[in-house]
Amino acid sequence: MSAESPGVSMGAESSGARDRVRHWRMMFRAWRWQRPFWAGLLTLLGGLPIAYFPYANLTMGQLTIRMSTTTGSGSLIIGVLLIVLGLTMWFQPATRVFAGVAAILLGLVSLVIANFGGFLVGFLLALFGGALSVSWGPGEETTGRPVKSARDSGAVVPEPDEGADDALEAAGAGSETDQESRNGRHRAG
């Protein structure tokens, strides 16, 4: 006999589980796109080595090396603050600029306080996480269906009139309509 009975199909259970996983992934994707997810993750991960290394013991054979410094509490505070800032980026995206700047500053301070910023690993993660947070901007919401343009629907779209720009220049409309200002380059003067 086979492991599966001839009249029983496992497809219903597996498709239900597959649909639940697909639904969860789509919900997570939508949640992730509404906030600086990667910035929060890098900042959170940057706080871990900064907080951990001052309290770590490295054992090689019978030799134990303690990495503690006199600023162990400062390292712990910086690491915990970076973890909190990473969570803030996730759950309060409106404060992303403040959290990003604070993460960058704490990462820079950790170079001096916390064993070269968690041996540069925590420093770099906090720096990149803060920069991503400062530069992130909320996107536009999509409706899920493509928007038809006038060209796709078969409607007649008028071509831009080339003579209109020449008429404005000839009428003395000013230097705002010249070719340089339309291309993003402006004259100083």
Vicinal HN-Hα couplings computed from phi for the range 128-133 (Karplus, 6.51 cos²θ - 1.76 cosθ + 1.60; Hz; Gly/Pro x): 5, x, x, 5, 5, 5
By average C-beta atoms within 10 angstrom, highest first, the peptides 87-95, 58-66, 108-116, 121-129: 121-129, 108-116, 87-95, 58-66
Quotient of C-alpha Rg and 2.2 N^0.38 Å, computed over the range 39-135: 1.09
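Quick note: the coordinates plus some simple rules give every number you see, no bench work behind them. Just so it is clear, the structure is predicted and the values come from calculations on it, not from any experiment. When we count neighbours, we look across all protein chains shown, and the Cβ atoms used for this are built from the backbone with ideal geometry, even at glycine.
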